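The values are calculated or read from the model by the stated rules, or taken from the named source; none is laboratory data. Every value quoted in this text rests on a predicted model; they were computed, and no experiment measured them. Methodologically, a virtual Cβ is constructed for each residue, glycine included, from the backbone with ideal geometry; neighbour enumeration extends over all protein chains shown.
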Amino acid sequence: MSKIKYPRYTAMAVAEELVEALRPCCERIEIAGSLRRGKQFVGDVEIVYVPAFAPGVPVDMFSPPEPVNMAEAQIQAWISTHLVRQRLNVDLQPTWGAKNKLAVHQSSGVPVDLFAATEASWFNYLVCRTGGAWNNQEIARTANAKGWRWNPYAEGFSKIDYHGKETGEKSERMDSEEAVFRFVGLPYLKPEERK
């Protein structure tokens with residue numbers, strides 16, 4: 001069964017609506033996936049963000065207040081107002097965790113994937129979620145050939161031994177998308193050049 005594709009203008013309108021609403025609740029936010037790569041037809045909208053936190057209210061006089069994840073609160077408000085709804089994954093289960101949320105934009109029917117990163121993992125996350133699959137496989141393959149494992153949801157790369165087990169040694173934190181490519185010795189590709 002082939003996946004439904006949406007015209008760029010439809011998906012971009014959804015992406016821009018959601019990013020505009022979420023931006024005040026984030027430290028960073030970016031449209032990723034095939035939209036960022038400039039594709040004219042896409043299967044979904046992918047948004048990567050680093051949530052901002054606000055001071056919380058103390059639960060009692062003995063506990064410090066828990067910070068409020070403002071992005072999470074905004075996304076939950078979208079559910080309440082029916083802007084988006086949860087989407088089932090291939091196992092017919094909702095994926096609605098702290099880091100990954102699969103949703104559907106209600107009025108358009110466009111699938112939306114929301115990915116919460118940290119400041120430390122931002123550039124690895126952005127490279128991975130921009131894709132495409134070939135680009136990500138090439139980064140992972142080249143890293144493995146050099147004795148490293150790419151964990152796109154972490155700060156950098158983990159050193160592996162000849163059995164493929166992590167040794168505990170970590171690379172420096174990636175400070176740009178270019179740094180991810182440079183670390184494994186690949187030439188930097190702009191999003192529209194990635195496949």
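Per-structure values
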item	result
Residue match in the range 21-28 (condition: over 29 Å from Tyr188 (Cβ atoms), of a type in the set (A, V, I, L, M) and assigned to a loop (DSSP other than H, G, I, E, B))	no
Matching residues, the range 37-82, being among the aromatic types (Phe, Trp, Tyr) and closer than 28 Å to Asn136 by Cα	Phe41, Tyr49
Sole exception among (1) under 21 Å from Arg129 (Cβ atoms); (2) in contact with a helix residue (DSSP H, G or I) (Cβ under 7 Å, 6 or more places away or on another chain); (3) hydrophobic (A, V, I, L, M, F, W, C) for Ala54, by number	(1)
Positions within the range 1-31 being surrounded by 15 or more Cβ atoms within 10 Å (Cβ to Cβ), farther than 21 Å from Ser107 by Cα and of a type in the set (Gly, Ala, Ser), in sequence order	none
Residues of the range 154-185 that turn out to be exposed (fewer than 15 other Cβ atoms within 10 Å of the Cβ), more than 17 Å from the chain's Cα centre (by Cα) and in contact (Cβ under 8 Å) with a residue 40 or more places away in the chain, as a count	1
Subset tally (residues that are in a loop (DSSP other than H, G, I, E, B) and surrounded by 17 or more Cβ atoms within 10 Å (Cβ to Cβ)) for the range 106-126	3
Which listed residue is touching a Phe, Trp or Tyr at 6+ places or on another chain (Cβ under 8 Å) and either assigned to a strand (DSSP E or B) or within 19 Å of Val19 (Cα to Cα) (or both), from Arg85, Arg129	Arg129
Which listed residue, of Ala103, Ala52, Ala77, is modelled with pLDDT of 95 or more, among the aliphatic types (A, V, I, L, M) and buried (at least 20 other Cβ atoms within 10 Å of the Cβ)	Ala103
